[in-house]
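For reference, the structure discussed in these notes is given below.
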Amino acid sequence: MEYYKKESSEVLESLQSNSGGLNNAQAEKRLQEYGPNKLDTEVKVEKWKIFLEQFKSFIIYILLIAVVLSLLFKEFTDAILILIILFVNAFIGYKQEISAAKSLSALKKLSVVKAKVFRNKELTLLSSEELVPGDCILLEAGDKVPADCRILQCSNLSIEEAALTGESLPVQKTSETLKKDAQIAEQHNMLFSSTNVTNGTAKAVVVSTGMKTEIGKITKLIKEAEDEQTPLQKRLDSFGKKLSYAVIVVCLFIFAAILFSDKMAGGEMSLLQATGAALAVAVALAVAAVPEGLPAVVTIALSVGVKRLLHKKALVRKLSSVETLGSCDVICTDKTGTLTQNEMTVQAAWTLDNEAKIDGVGYHPQGTVQGKVHPLLFTIGLHCNNAKLEKEKMWRVIGDPTEGALIVSAKKALSSEQDYKRLAENPFDSDRKRMSVLVEQKGKKDLFCKGAPDTILAVCTHAIHKGKKVPLTKELKKEIMQQNDKYASQALRVLAFAYKEHVTEKTFKEKELTFVGLQAMKDPARPDVIESIAKTKKAGIRVIMITGDYKETARAIGQEVGIEGEVITGEELEKMTEEDLTKALEGNTRIFARVIPEHKQRIVAALQKKGHVVAMTGDGVNDAPALKKADIGVAVGSGTDVAKEAADFVLLDDSFTHIVDAIEEGRGIYENIQKTIMHLLSGNLSEVLIIFVAVLFGLSHENLPLTAVMLLWINLVTDGTPAVALSVDPYGRKIMEKKPRPSSEGILPKPYLFLITFLGVVSTIITLSFFSFYGGFSEHHESIQIAQTMVFTFLIISEMILLLLIRKQFDIKMLTNTWLWVSIGLSFVLQAVLLYTPLNNVFKITPLTFSQILFLGAGAIALYLSYVIYSFVEKRVTKKTVV
């Protein structure tokens with residue numbers, strides 16, 4: 001029901017109530033009917049489902065099949081090694097998901113307030129949960145509105161609705177009936193749950209409670225918004241499927257080829273034994289080809305990123321979101337509290353004689369006034385005022401932020417504050433757009449008045465000019481209004497100030513006043529925002545401002561911080577089709593003003609539909625649905641708990657700069673994951689190619705260059721430690737000068753795939769050369785064992801060389817990352833233990849001589865030189881393509 005269009009008497013009648021409120025019996029009956037006045041925020045967390053979801057990956061499916069096959073053929077060691085890795089990875093992911101599953105619990109904090117309620121025609125204090133439609137409540141400055149209400153009567157009432165509507169200034173309220181359709185921000189005779197009374201008093205009737213309130217509708221939007229799969233999840237899933245399909249085909253071929261070779265070679269093996277032997281190699285090769293350590297490495301890389309971000313004042317609530325922010329190409333940001341400081345500040349004072357600039361930011365009463373204007377301008381602002389300035393941990397205003405700004409400007413400008421006693425007040429209302437007070441000092445009574453410039457000039461007959469009181473001529477009025485227009489064009493809010501001397505209670509009327517001057521104020525931009533937005537532009541990221549503020553204010557702030565482009569209002573957006581909105585977003589539209597929560601979700605959805613990876617920043621209840629809908633939601637630390645719980649990131653000190661830090665961290669983590677995949681695949685490719693080529697030459701399973709146990713050793717032990725060390729590698733030096741990755745790009749772009757393919761092939765050629773040189777293709781058992789040992793050891797060396805070459809490709813300094821060098825050393829030590837201890841009998845290898853080790857060193861040099869040649873050719877080809 002559109003209560004704002006109905007007379008207050010009609011509203012009471014429709015709710016079967018009256019100005020004295022309900023009696024206890026009526027209230028109890030309605031409580032049973034409507035339920036308690038609280039938000040339905042319960043979200044069931046089924047832990048077993050979260051644990052099982054850690055296994056939803058195509059790579060994991062292949063490895064689980066390998067476990068089953070290993071168990072069937074009694075290869076228990078293989079099965080246990082694979083299962084350990086899988087369960088460790090699943091446990092890490094499970095713990096992180098559980099800690100992030102709070103969802104909407106913080107919304108409960110918003111509803112736990114006390115309310116002053118008329119019950120049985122007496123005023124009583126009750127829990128807000130006991131309110132029902134038809135209850136009449138009393139509100140005063142400092143109260144939180146406990147439910148959606150229709151105002152019955154009010155005095156000088158203003159409400160801070162920034163958390164719900166995005167409007168940075170308190171909204172003046174009235175009890176008068178509205179005749180036209182109005183959005184929430186324009187319903188000036190309505191009060192909404194979880195907003196705050198900044199000034200005045202009101203009596204109102206409750207019209208909606210719980211999930212039927214406007215904040216309740218937003219809660220429902222949050223719960224209904226679907227979590228999007230992150231770009232990293234999409235890419236890893238696609239990569240895993242393609243890799244797994246290829247592995248299945250290759251392993252089936254190798255299984256069939258080995259089985260055929262074994263039977264053709266003759267011998268005493270039965271078909272079942274030959275099948276088991278062939279399957280053992282095929283399963284081992286599948287395990288070698290599939291980088292089962294990758295999920296664990298990705299989890300570690302993301303966890304390390306979380307810790308780094310915490311040091312940079314960004315708290316991560318969802319592990320996979322770390323990378324997503326690094327791949328975003330659009331940031332949708334709220335204005336109030338995110339780009340601006342949410343603290344009104346007087347920046348200029350003007351009289352007909354002079355103008356003064358006032359520095360300082362926020363409510364800290366410290367700053368200088370550059371220029372001299374009549375001190376009465378600040379005295380009026382200080383005393384025609386109902387706000388209070390106080391200091392706890394920091395300076396804050398109790399009451400209207402605009403009046404708070406006037407107190408601060410007075411404290412900066414006046415050397416001493418004159419002691420005035422207030423005798424009477426004519427409060428501000430939306431019709432007069434003025435406020436006046438009757439004050440007394442030393443027996444002298446004066447009227448001080450402030451308000452909108454046009455309404456103040458309408459009641460002025462004189463002005464202070466050149467230190468004297470002179471008649472207010474048309475020329476002087478024109479000069480005043482020109483200055484007002486100049487300030488307004490700079491998105492400054494302007495108030496005019498006037499006075500009248502020798503006034504009594506009987507003559508306390510706003511007429512025949514003397515104009516003193518103007519004060520211009522604004523909610524200033526955060527000092528670091530301009531630089532931060534410039535960095536995002538350099539990084540190829542578009543910033544779009546989405547705010548509940550007015551069009552011109554939004555445009556001026558945008559120009560100040562570097563967000564320039566077309567401005568679309570919520571009203572204009574309502575009339576746009578999806579095609580029109582998409583066209584505007586792909587064009588030059590960078591600012592949306594006077595929007596409601598549904599608009600924000602619509603904008604995010606339109607951007608996502610075009611393939612953009614969208615980050616949404618905000619601080620209010622009104623931002624929560626879009627924060628959840630976006631690829632990544634970033635809530636600011638001073639924002640509402642609702643926004644924080646719906647977000648993936650929380651910026652602990654509200655600084656926009658930390659969004660840039662988070663983007664850099666996300667990009668770095670993604671690069672580390674790419675490095676890890678390249679390292680694992682380049683080595684695994686060599687292993688697959690070596691077996692594949694050997695099978696093509698008709699070798700039986702006993703004569704292959706690598707045995708099943710060798711493959712598992714390389715893949716699970718020697719590969720694993722350096723891969724984990726890569727997850728904590730430093731980031732490339734030019735990481736923030738690159739454009740965002742296209743959403744259609746795979747986990748590894750073509751240049752990286754070409755590189756690892758080239759290196760994998762070269763490594764295979766060198767390895768098989770060793771195998772051939774040492775008689776691997778002969779039928780002598782001793783020659784084959786030496787050849788297998790050379791192949792096995794060279795693969796260990798080559799993977800360490802590949803590791804360093806891949807880091808070089810990403811512009812990482814050689815001697816950084818101590819953990820990496822420790823892991824490389826550990827890999828060599830472990831290999832030496834296998835070669836020169838009785839363990840060599842388990843692996844069926846033989847100790848190598850010094851000359852054989854030198855031969856392996858020559859192979860490593862050949863691999864490095866091949867990379868140098870490849871890089872030289874690649875740069876020449878790229879340069880020609882660019883030209």
- Task: Go over the candidates VAL842, VAL833 one by one and state the one that is open to solvent by 80 Å² or more (accessible area, probe 1.4 Å), among the β-branched types (Val, Ile, Thr) and over 30 Å from TYR731 (Cβ atoms).
- Result: VAL842
- Per the list (1) within 19 Å of SER158 (Cβ to Cβ); (2) open to solvent by 60 Å² or more (accessible area, probe 1.4 Å); (3) at pLDDT 90 or above, residue check on ARG493 breaks on (3)
- Might you let me know whether the stretch 504-517 holds any residue that is without any contact (Cβ under 8 Å) to a residue 12 or more places away in the chain, open to solvent by 10 Å² or more (accessible area, probe 1.4 Å) and under 30 Å from LYS739 (Cα atoms)? no
- Message: What are the pairs with Cβ atoms under 6 angstrom where one residue, in the stretch 758-787, is modelled with pLDDT of 85 or more and of a type in the set (Gly, Ala, Ser) and the other, located anywhere, is open to solvent by less than 10 Å² (accessible area, probe 1.4 Å) and outside any helix (DSSP H, G or I)? Sequence gap at least six, or different chains.
- Response: ALA787/GLY776
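Let's see how each residue does on (1) surrounded by fewer than 18 Cβ atoms within 10 Å (Cβ to Cβ); (2) out of contact with any Phe, Trp or Tyr (no Cβ under 8 Å at 6 or more places or on another chain):
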| residue | (1), (2) |
| --- | --- |
| LYS116 | yes, yes |
| LYS121 | yes, yes |
| LEU125 | yes, yes |
| GLU161 | no, no |
| ALA182 | yes, no |
- Message: Suppose we filter the stretch 381-425 for residues that are open to solvent by less than 60 Å² (accessible area, probe 1.4 Å) and either basic (Lys, Arg) or under 24 Å from LEU518 (Cβ atoms) (or both); how many remain?
- Response: 25
- Query: Of the residues that sit in the stretch 130-144 and are open to solvent by 30 Å² or more (accessible area, probe 1.4 Å) and in contact with a strand residue (DSSP E or B) (Cβ under 6 Å, 6 or more places away or on another chain), which one is modelled with the highest pLDDT?
  - Reply: LEU138
- Message: Conditions first: (1) modelled with pLDDT of 90 or more; (2) under 23 Å from the mean Cα position of the chain (by Cα); (3) over 22 Å from ASP631 (Cβ atoms). VAL567 passes all but one, so which condition is the exception?
- Response: (2)
- Task: Inspect the stretch 358-374 for any residue being within 28 Å of VAL171 (Cβ to Cβ) and outside any loop (DSSP other than H, G, I, E, B) and give the result as yes or no.
- Result: yes
- Query: Of all residues in the stretch 732-743, how many are surrounded by fewer than 19 Cβ atoms within 10 Å (Cβ to Cβ), under 22 Å from the mean Cα position of the chain (by Cα) and in a loop (DSSP other than H, G, I, E, B)?
  - Reply: 4
- When every residue in the stretch 163-174 that is among the aliphatic types (A, V, I, L, M), touching a residue at least 60 places away in the same chain (Cβ under 8 Å) and in contact with a strand residue (DSSP E or B) (Cβ under 9 Å, 6 or more places away or on another chain) is compared, the one surrounded by the most Cβ atoms within 10 Å (Cβ to Cβ) is ALA163
- Task: Would you point out the residue of the stretch 1-54, among those that are of a type in the set (A, V, I, L, M), over 28 Å from ASN189 (Cα atoms) and part of a helix (DSSP H, G or I), that is modelled with the lowest pLDDT?
- Result: ILE50
- Quick check: anything in the stretch 92-106 modelled with pLDDT of 75 or more, of a type outside the set (Ser, Thr, Tyr) and surrounded by fewer than 21 Cβ atoms within 10 Å (Cβ to Cβ)? no
- Unmet requirement for ILE65, which otherwise passes all of (1) of a type in the set (Val, Ile, Thr); (2) at pLDDT below 70; (3) open to solvent by 50 Å² or more (accessible area, probe 1.4 Å): (2)
- Task: Kindly provide the set of residues from the stretch 665-676 that are under 20 Å from MET616 (Cα atoms) and either modelled with pLDDT of 85 or more or polar (S, T, N, Q) (or both), ordered by number.
- Result: ARG667
- Note on the structure: Checked the stretch 523-567 for anything buried (at least 20 other Cβ atoms within 10 Å of the Cβ) and in a helix (DSSP H, G or I); matches are VAL529, SER532, ILE533, THR536, THR553, ALA554, ARG555, ILE557, GLY558, VAL561
- Task: Consider GLY367 carefully, then state whether it is within 30 Å of ASP653 (Cβ to Cβ), surrounded by fewer than 20 Cβ atoms within 10 Å (Cβ to Cβ) and in contact with a helix residue (DSSP H, G or I) (Cβ under 9 Å, 6 or more places away or on another chain).
- Result: yes
- Condition set at pLDDT below 80 and surrounded by fewer than 22 Cβ atoms within 10 Å (Cβ to Cβ), scope the stretch 646-664, selection nearest to ALA539 (Cα to Cα): answer is THR657
- Which condition number does ILE801 fail, the rest of (1) open to solvent by 50 Å² or more (accessible area, probe 1.4 Å); (2) of a type outside the set (D, E, K, R); (3) touching a residue at least 40 places away in the same chain (Cβ under 8 Å) being met? (1)
- Within the stretch 589-602, identify whether any single residue is open to solvent by 20 Å² or more (accessible area, probe 1.4 Å), at positive phi and at pLDDT 85 or above, and answer yes or no. no
- Query: Of all strands (runs of 3 or more DSSP E) completely enclosed by the stretch 426-487, which ones contain at least 1 residues that are in contact (Cβ under 8 Å) with a residue 24 or more places away in the chain and polar (S, T, N, Q)?
  - Reply: 434-441, 460-465
- Message: Here is a list: LEU830, LEU863, LEU856, LEU835. Which entry is part of a helix (DSSP H, G or I) and either of a type in the set (S, T, N, Q) or at pLDDT below 90 (or both)?
- Response: LEU830
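The values are calculated or read from the model by the stated rules, or taken from the named source; none is laboratory data. None of these values were measured; they are calculated from a predicted model. Here the Cβ is made from the backbone with ideal geometry for all residues, glycine too, and neighbour counts use every protein chain on show. SASA here: full protein model, heavy atoms, side chains in, ligands and nucleic acids out. Shrake-Rupley method; radii C 1.70, N 1.55, O 1.52, S 1.80 Å.
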